Amino acid sequence: FYVLSCDDERIYLMACPQPLQDVANLIIQTGMRPKEVYNLKRDNVLLEKGFLKIENGKTKSSNRKVWLSDKAIKILSYRLEKFS
């Protein structure tokens with residue numbers, strides 16, 4: 001078990017090209033699994049309510065609401081706008 005320091009996080013993210021940098025940021029910001037980030041659907045992104053709905057997770061208990069930080073909302077807003 002290892003917790004990233006702020007410096008470690010910055011170095012890690014600087015090494016990631018886009019769109020992997022946004023994926024990595026969402027994983028860090030939300031605690032979601034990589035597969036959950038990649039499987040997000042537009043209908044499950046509820047920015048106005050400040051959360052995502054995770055469906056079809058690894059287990060039944062992994063189906064949940066994931067509350068979003070300001071940074072996660074900014075990333076998702078940009079991605080939704082760019083690809084609409």
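Any read-out appearing in this document is the output of simple, stated calculations on the displayed coordinates, not a laboratory observation. As the structure is a computational prediction, the values presented were derived from the model and not from experiment. Cβ coordinates were reconstructed from backbone atoms using ideal geometry, including for glycine residues, and neighbour counts include every protein chain displayed.
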Over 19 Å [Cα-Cα, the range 34-83], rounded percent: 21 percent
Diffusion coefficient, µm² s⁻¹, Stokes-Einstein with Kirkwood Rh over alpha-carbon pairs of the chain at 37 °C and 0.692 mPa s: 242 µm²/s
Gap separating the Cα centres of the range 1-31 and the range 51-80, nearest whole Å: 16 Å
Principal-axis tilt of helix 70-82 within the chain, Cα atoms, nearest 10 degrees: 70 degrees
Rounded to the nearest 20 debye, dipole of the chain from Cβ charges on Lys, Arg, Asp, Glu: 420 debye
The chain, relative contact order in percent, only Cα pairs under 8 angstrom and at least six apart counted: 22 percent
Listed residue (L76, L13, G57) projecting farthest to the positive dipole end of the chain, Cβ model: G57
Computed label-point distance, nm, for sites R10 and V23 using a 7 Å Cα→Cβ extension: 2.5 nm
Extended-chain gain in nm, criterion 0.36 nm per residue less alpha-carbon gap, D43 and N56: 3.3 nm
Within-10-Å neighbourhood charge of K65 [Cβ basis; K, R +1; D, E -1]: +3
